[in-house]
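Asker: One structure, as structure tokens, below. Some questions next.
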Amino acid sequence: MEADGEEGDGTWVKVADLSECPPGNLLEVEAGRERIVLANVDGDVYALQNRCSHQDLPLSDGELEGDRLECLYHGARFDVCTGKAVGLPAIKPVLSYDVQIRGQEIFVQI
Ligand code: FES
């Protein structure tokens, strides 16, 4: 894992290579102590906290449909661009992180 901390308020951490998370896929990664799920929506990569706001289970077990992530466990849906809950039983959003693609590498700001 690499960090450079040059921009913004947080530290940018390399979490994966782009090839590990192709379009339409989710990928569980870690950045420091944060557990994160990456979502590749048609080449744009988003990053959310990897814990459903319903019962804290991993969102990376779910499925990505367009820009919606559906939790495997009880079917809550989240907008991966914002972390907003858009389908019950989740009501609260999940944290979203800024993402940068540098070459073939995915960085998340934590
Ligand atoms: S833990 Fe995700 S919907 Fe219940």
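The values are calculated or read from the model by the stated rules, or taken from the named source; none is laboratory data. None of these values were measured; they are calculated from a predicted model. Methodologically, a virtual Cβ is constructed for each residue, glycine included, from the backbone with ideal geometry; neighbour enumeration extends over all protein chains shown. All accessible areas refer to the heavy atoms of the entire protein, side chains included, with ligands and DNA or RNA removed. Shrake-Rupley method; radii C 1.70, N 1.55, O 1.52, S 1.80 Å.
Asker: Which sequence of Tyr73, Tyr46 reflects their accessible areas, 1.4 Å probe, from the largest down?
Answerer: The most accessible residue leads, giving Tyr73, Tyr46.
Asker: When all C-alpha to C-alpha distances in the range 20-98 are sorted into bins of 10 Å, what percent of pairs does each bin hold, rounded to whole numbers?
Answerer: 23, 60, 17, 0
Asker: Taking the Cβ of Glu63 as the center, what net charge do the other residues with Cβ under 15 Å away carry, scoring Lys and Arg +1 and Asp and Glu -1?
Answerer: -4
Asker: Using every alpha carbon pair in the range 61-110, what percent of pairs falls into each 5 Å bin from 0 up to the bin containing the largest distance?
Answerer: So the P(r) values, bin by bin, are 5, 22, 23, 21, 16, 9, 4, 1.
Asker: Take every Cα pair under 8 Å in the range 20-98 that's 6+ residues apart, average their separations, divide by the length, and report that relative contact order as a whole percent.
Answerer: Once normalised by length, the contact order is 23 percent.
Asker: Tell me, what % of the accessible area of the chain is carbon and sulfur with a 1.4 angstrom probe?
Answerer: Using a 1.4 Å probe with all protein chains present, the chain comes out at 43 percent carbon and sulfur.
Asker: Also: Sort Glu65, Glu105 by heavy-atom solvent-accessible area, probe 1.4 angstrom, most to least.
Answerer: Glu65, Glu105
Asker: If you count only protein heavy atoms with a 1.4 Å probe, what accessible area per residue comes out for the chain, rounded to a whole Å²?
Answerer: With all protein chains present, the chain gives 56 Å² per residue.
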